[in-house]
Each structure stands twice: as structure tokens, then as C-alpha cells.
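Student: Have a look at this one before I ask anything.
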Amino acid sequence: MEEEEEDAFDTFDVDAAGEPLEATHRNVLTDAEKNIAKTLMESGIRFIEIEGDYLKFSLNPKLTLGIAQTSRGVFLPRLDVSTLRDQIDEGVQQHSEFMGIAIPSIGYLELSIQNNGLYSSSLHGSISKLSPEGVPDCRHSNGDISLPCASVVEGGRRAVRLHIQGSHGGPCLELSGISPAGLLWSTRGRMRPTSMYNAAMSLKVHFPEAMDQQAMENSAKDIISSLIYELDVRNGLRLRTLRWPSKSRISATPREATDTFARYPETKVNSEMSTLFGFAGSVIENPPLSFLSYYQVLEYYFPAAIKRTALRQLGKELSDPRFSRADRDDLLRILKIGERSLNATESSQLRTLLDECVRNERIEIFFNEGNWSDHFSKNGPIQGVGVINSKNTQSPMANQVADRIYKIRNRIVHAKDDPKFEDVPALLPQSEEADALGPDIALARLLASEVILDSQTS
């Protein structure tokens, strides 16, 4: 196999007649470029072709997780080949949690960053408006060492960089163009830039000395979080780091049976509910937010379900031939029905909603036909939210579902710094548990659609 790969790269060294070509030819790989291509092949990143001043590679297969590769690929400026070789030789490693790299031998971390907003301005434009507080006076500003970053973009214009000197022996921080080793992590960040304004950027953390990778990542985590917070509050720059794509996210995304025929709408749903339901599907990169949007649909119908239950109970009491207006106990039963409807807790309201509006057989089909493995069991990935067991004769399935949905909602919206919540911490957007929420989101989606369906007839 190695000989075949070597032959494939060597074909760039001859012309159609088989005569040797000069290594400087634009359409020929240099020895250094062939060497890099072979090294990247070991990580599954395949060289595709030369496009002008760029080398085009396939995406890192570890990032696609079974998703079909596109012809888009990622690009490495040919000028950055030597820098990439240096980074690889220094021992570049994958960051254990976030999309980025670590080079422990030089105390270096680099994380991919994105604008935290759909309509935000370009990162390049936002960063170019900032300058470091004070005059940097560190080994980077003195020229002793430089941080690797994208040297140029098309047109020969330099990408912007914001370098913040380390404080009290802490690491230096820099926002600048994504370094050549970004090729190892990117699904879109190392796209060929069409201008300096869409060049990909990264956050670099450089410690004064070599460090163990895990110790370095742990030390940098709070610094990075604090920097992102201050850039947001003080400078209006909203950034986010990206976690590695999670296998649990992919496996937890169920596929629904769909129809191939579109029809004139027969379901009457108000614009608020339609917006919430649609929004939940548009924020799949933030599973907790998707879950909460479906929960809000359920929440909207709480009052109607409570009133319906109360009216039915009142109707039974008043229709009872033994009911007497002169009997104090009979009147107190009527009063208690009203009090329960007014003072019901949110968890009991959710139980009532599911009892009133969701067909039991739909819940049974969801669990019987869904390939959920042990997701809803005590061994599932979401902790502290209860289990759902169809064989539990003590609690109806609808109640078990309601209790789990409510507990997940609490873990998402409550982030209390209180020891009594230590066993059930907040469910954060960028976490393994969040990535595993797919089946619970599918369940919340089913419940929301059932409740909307019920509203058509009530």
C-alpha cells in the first residue's frame, strides 16, 4: 500500500511524455509537499489536487463520523507547508475536549473559534477593531518566538492578529489566523479564503514552558472561559469554542418516518407555536435549546389541560345525584377542585397535560419501535432524570415520561451554586450529556405534536 501511495505522489514529477519536470512547477508537488501529503495520509487526510497556491485535502475522517465526504475539502497554503512540518515534528496532538490541537513540548494550545451568532460580522473585522491593553512585552513581541498562524490570504494581505501578553506568569493569548495544523481538525475552518474577511481564526494559548497535555488543558480552561466572557461583556465580541463532534450526538439523532406528499394545511396552529416548534429543529447544534423549545410548546397548553380536567371533575361532582348544596363536605370537594387547578405545581401540570392530550398508544409505539438501546434506563447517558420502564406497574408510562421530561428541563434551566444540587448539576450546552439528548428531544417533539393535534379537537 505504501508503494502505491508513493507512486501516486511521484506521478506529479513527470509530464505526459514521462519526462522529469522542475520541482518549482505550479502543478507539481515539491519534495516537502509530498512528504506532508504522506504524513497526513496516515491520519486519513488524503491529498486531492493542487489549486494554484493551495494544496487541497479531504476532510479528516474522524470529524465526519460517517457523514458523506463532500468535494469541498480543506486547503493548505503552499507557503505554510514548512510551518505544518515544524508543528508535526514538535508533537502535535488532538485536544482532548475541544476542536483544536495541543503541542505539549512547547506548552501550546490552539482552539477553533466561531462567531456566536448567525448574523455576526466577520471574525476578522471584529478582531481588527481591538488592540491589547498596554504594550505587549513578551517573547512573542520581542521576536524571540512567534506563534504559528495563517501567514497570508489571497491577494497577499496579512490576516489580523490580536496578541495579549500573559499576566503573572500566565500564558500569552492570541486571536489570529488558524495555523497550518488546523488542517487536522477542520471541517470548514481551513476553506480556501476568498478574501481576508472570511479567513478562519483560532485562539492560541502559549505557556512559558513545556507542560503535560492534560495539565495544560486544565490550566487553560478557566483562562479561555474568562477571556471569552470578557470579550463578550467588555468588547462586544461574542465567540465560542467548538467541541469535537460526538459519536453520541450522531447515534442519538433518530430518523423519523416521513411522507412524500405535501398537502394544503389542515392543522390550525398559531404563529407562536409554529415558531417554537420550527425553532427547535433549527438549533440542532444546541440540543438543550432544542429540547427547551419543544418543552415551551407543552408549557403553552398547561392552562387549557388543567381547566379541562377541573371542568370534568366539577361536572362529575355536580352531576352526582348525591351532591347536596347544603352539605358542607360536598361544597368543600368543589372548592378543593378549584384550589388544585390554581395551585398545581409545574410537574403535576405536565402530568395532567400528557394524561389529557397525548395518546398512550403513541408513547408505547415510540418506545417499542424506537432503537433507543438503554438510553432511558438507569445506565443511560443522562444522569439524575429518572428512567422509563414499560414494565413498571406502579407508575403509568405517561407519568414516567412527564417526570423525566420535567427533570431534564430543570437540569437545563437551573444552574444553582448550591451543595444540595451537587448530585444533579446543570446540563450544559457543550457537554457529553447534551450531545446524547437526541432520544429525549425526539420524545419531546412527539409530545409537542400530540398536544398540538389535541388542540384541533378541544
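The values are calculated or read from the model by the stated rules, or taken from the named source; none is laboratory data. The structure presented is a predicted model; accordingly, all values stated were derived computationally and were not measured. Note that each Cβ is placed from the backbone with ideal geometry, even for glycine, and that neighbours are counted across all protein chains shown. Just the protein is used for accessible areas: all its heavy atoms, side chains included, with ligands, DNA and RNA removed. Shrake-Rupley method; radii C 1.70, N 1.55, O 1.52, S 1.80 Å.
Student: For the subset of the stretch 218-244 comprising residues that are of a type in the set (D, E, K, R) and out of contact with any Asp or Glu (no Cβ under 7 Å at 6 or more places or on another chain), which member is farthest from Gln94 (Cα to Cα)?
Tutor: By that ranking, first place goes to Arg234.
Student: Next question, about the same structure. For residues that are open to solvent by 70 Å² or more (accessible area, probe 1.4 Å) and modelled with pLDDT of 90 or more, tally how many sit in the stretch 407-433.
Tutor: Qualifying residue count for the region: 1.
Student: Restricting attention to the stretch 234-247, does a residue exist that is closer than 30 Å to Glu133 by Cβ, modelled with pLDDT of 85 or more, out of contact with any strand residue (DSSP E or B) (no Cβ under 8 Å at 6 or more places or on another chain) and open to solvent by 70 Å² or more (accessible area, probe 1.4 Å)?
Tutor: Within the stretch 234-247, one or more residues are closer than 30 Å to Glu133 by Cβ, modelled with pLDDT of 85 or more, out of contact with any strand residue (DSSP E or B) (no Cβ under 8 Å at 6 or more places or on another chain) and open to solvent by 70 Å² or more (accessible area, probe 1.4 Å).
Student: Taking Arg359 as the residue in question, decide whether it is basic (Lys, Arg), within 25 Å of Ala436 (Cα to Cα) and at pLDDT 90 or above.
Tutor: Answer is no for this residue.
Student: Can you find a residue in the stretch 86-101 that is in contact with a His (Cβ under 9 Å, 6 or more places away or on another chain), surrounded by 14 or more Cβ atoms within 10 Å (Cβ to Cβ) and modelled with pLDDT of 90 or more?
Tutor: yes
Student: Looking only at the stretch 323-369, count every residue that is out of contact with any helix residue (DSSP H, G or I) (no Cβ under 8 Å at 6 or more places or on another chain) and either part of a helix (DSSP H, G or I) or more than 21 Å from Gln296 (Cβ to Cβ) (or both) and tell me the total.
Tutor: So the count comes out to 16.
Student: To continue, here is another question. Looking only at residues in the stretch 269-308 that are without any contact (Cβ under 8 Å) to a residue 40 or more places away in the chain and outside any helix (DSSP H, G or I), which one is least open to solvent (accessible area, probe 1.4 Å)?
Tutor: Top of the filtered list is Val283.
Student: A follow-up question, please. Of everything in the stretch 359-406, what is within 20 Å of Leu427 (Cα to Cα), of a type in the set (Gly, Ala, Ser) and surrounded by 13 or more Cβ atoms within 10 Å (Cβ to Cβ)? Give them in sequence order.
Tutor: Gly380, Gly384, Gly386, Ala402
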